[in-house]
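Engineer: Can you keep this structure in mind? I'll have questions shortly.
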Amino acid sequence: MPELPEVETIRRGLAEVLPGRRIAKAVASIQKMCVSHLDTCIADAVAGETYDQVRRIGKILIIDLEKVTLLVRLGMTGQLTFRDPKLQDDGQFSVHPVTGLQRAAQHAPDKHTHIVIEHSDGTMLCYRDIRRFGRWIAYPRAEADSAEELRSLGPDPLACPQELEAHLLKALAKTSRAIKTVLLDQSVVCGLGNIYADEALFGCGICPSRPANSLAPAEIASLAAFIPPMLLQSIANRGTTFSDYRDSSGHPGSNQNSLQVYGRYGSACYKCGTVLEKCTLGGRTSTWCPRCQS
Ligand SMILES: [Zn+2]
């Protein structure tokens, strides 16, 4: 599932190619994926509009057109790619046996491509989502920043790294929920998911099941200092790809090679050699080292 670094990698790619391009036509084949707060459906509303900028808050991608703003949530398997038909698909075209994902740098729309935006110059923006949990939400541009989806979010760790410690000190004192569960709560801090929450807790030596309000101020300070550089490092690696995540040009990231604990339960801790354990918190699996984290 794409988290902050993956969505930011997609954003940076799209920010290079979308602004200034004009939308000729859009087709959205699955209506439940689209929520319009406009007078018309999303496909009709965006036709004729020109892209202005591509922003991000947490895991939400924000595409500003002239009069319309699109909020895009990638869900579990959403892929948002820019397709230039003039470019050749790469030579590695094949289908992943489990996910059905086409391993091409850019692929033509297929049965999992649910939204296609065609531009006046022949290029396209394609949204492909095998499990269909993604959502496109449209607002009049003037109302987008006060949208419910954005108002309910806590601070983005990369937008305000200096204020993260003070914010976490206040927020974590208020709850006895497990620290792992609290880090996943987008209203506390937005952008972290299962991968980066597990990695941050390992990096700071904190057991994921600890009540948030049991953390010492020094532990909270270490989390606040660890999270932004961890996210930036993953962005430098173009995100983490386990199965479906692709950047805006269709390529996988490489941060999965740098992960310390996520998904490694049953294997030896890289720091101390102890076998990593897993536990379930808030319905999500956490991987942690019983020796390095307390
Ligand atoms: Zn360890």
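Engineer: For the Cα atoms of the chain, what angle does the longest principal axis make with the long axis of helix 194-203, in degrees from 0 to 90, nearest 10?
Structural biologist: Between helix and principal axis, roughly 30 degrees.
Engineer: Distance check, please: which entries in Lys174/Lys271; Lys86/Lys111; Lys59/Lys271; Lys32/Lys86; Lys32/Lys111 exceed 27 angstrom between their Cα atoms? If you can, show how the numbers build up before the last one.
Structural biologist: On the way: Lys174/Lys271 32 Å; Lys86/Lys111 22 Å; Lys59/Lys271 30 Å; Lys32/Lys86 32 Å; Lys32/Lys111 16 Å.
From the list (Lys174/Lys271; Lys86/Lys111; Lys59/Lys271; Lys32/Lys86; Lys32/Lys111), the Cα-Cα distance tops 27 Å for Lys174/Lys271; Lys59/Lys271; Lys32/Lys86.
Engineer: Highest GNM mean-square fluctuation, the chain, Cα pairs closer than 10 Å: which of Cys207, Cys272, Cys41?
Structural biologist: Cys272
Engineer: Below 22 Å, Cα to Cα, which lysines can Lys278 reach? Residues fewer than 8 away in the same chain don't count.
Structural biologist: Lys180
Engineer: Sequence neighbours fewer than 8 away in the same chain don't count; with that in mind, list the lysines whose C-alpha is under 18 Å from Lys67.
Structural biologist: Lys25
Engineer: Related question: Considering only DSSP states other than H, G, I, E and B, which trypsin sites (Lys or Arg not before Pro) in segment 8-87 qualify as loop sites with at most 11 other Cβ atoms within 10 Å? Intermediate values should be presented prior to the final figure.
Structural biologist: On the way: sites: Arg11, Arg12, Arg21, Arg22, Lys25, Lys32, Arg55, Arg56, Lys59, Lys67, Arg73, Arg83, Lys86; in loops: Arg21, Lys59, Lys67, Lys86.
When the trypsin sites (Lys or Arg not before Pro) of segment 8-87 are filtered for loop state and at most 11 Cβ neighbours within 10 Å, Lys86 remain.
Engineer: Mind listing the phi-derived Karplus ³J(HN,Hα) values for segment 165-170, rounded to whole Hz, using 6.51, -1.76 and 1.60 with θ = phi - 60°, and x for any glycine or proline?
Structural biologist: Once θ is set to phi - 60°, the couplings for segment 165-170 become 4, 4, 5, 5, 4, 6 Hz.
Engineer: Compute a Gaussian network model of the chain, connecting alpha carbons closer than 10 Å, and tell me which residue from Gly203, Gly263, Gly122 fluctuates the most.
Structural biologist: Gly122
Values quoted throughout were computed directly from the atomic coordinates according to the rules given, and no laboratory measurement underlies them. Quick caveat: nothing in here was measured; it's all calculated off a predicted structure. We place every Cβ from the backbone using ideal geometry, glycine too, and count neighbours over all the protein chains shown.
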